[in-house]
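First the structure, in the form of structure tokens, and then the observations on it.
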Amino acid sequence: MEDILKVLENEEKKVSFVVPIYKSEQYLEKSLRSLLEQDYKNIEIVCVADGKSQKAENIVKKLNDKRIVKFLTIAHGGAPKARNAGYPFTTGDYVSFWDSDCYAKLGMVRMWIKYFLTYPDASFVY
């Protein structure tokens, strides 16, 4: 248990989020802010526009956070294609495919890390 508390306190594990974006710009800023405002700060976000979206790109630029490590645009092909395109840019210990119209409650990432460390055989948490 002491090791788990140390990892949580020092935020030793990184969580990567891959966020496909398709016609969800009205939700995007709130969605990304819900990740950026987590109380566990060792995260990175890869945004993948599923088809050109200047509005989405402008939202990401406006947020101006170094934890948004990549914004890329792919030809429209659906969320799975966007997730697959973003995955190679992740460097986290854990990866989450996060929808751009979803919002994270404060403490979500910290809870995920705690459960992964408590149950090391777990493949996923939600």
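Residues whose amide H lies under 5 Å from that of Thr73, counting only those 5 or more places away or on a different chain, are Ala49; hydrogens are built 1.01 Å from N in the peptide plane. For Cα extents along the principal axes in Å, the choices are (1) 47, 26, 20; (2) 38, 35, 27; (3) 50, 34, 29; which was calculated from the structure? Of the listed options (1) 47, 26, 20; (2) 38, 35, 27; (3) 50, 34, 29, (1) comes from this structure. Less than 5 angstrom separates the built amide H of Ser96 from those of Ser16, Phe17, Val18, all sequence-distant by 5 or more or on a different chain. Take the chain with all the other protein chains still there, run a 1.4 Å probe, and you get 59 Å² of accessible area per residue. Among the listed pairs Lys23/Lys70; Lys66/Lys114; Lys6/Lys61, those with a Cα-Cα distance over 29 Å are Lys6/Lys61.
Pick out, in residue order, every one of the GluC sites (Glu not before Pro) in segment 13-61 that is DSSP loop and has at most 12 other C-beta atoms within 10 Å; say none if there are none. Here the GluC sites (Glu not before Pro) that fit, given the DSSP loop and packing criteria, are Glu37. When the accessible area of the chain is computed with all protein chains present and a 1.4 Å probe, what percentage of it is carbon and sulfur? That fraction is 52 percent.
The values are calculated or read from the model by the stated rules, or taken from the named source; none is laboratory data. This one's a predicted model, so the numbers in the text were calculated from it and none came from an experiment. Please note: Cβ atoms are built from the backbone with ideal geometry, for glycine as well, and neighbour counts cover all protein chains shown. These area figures cover heavy atoms from the full protein model, side chains too; ligands, DNA and RNA do not enter into them. Shrake-Rupley method; radii C 1.70, N 1.55, O 1.52, S 1.80 Å.
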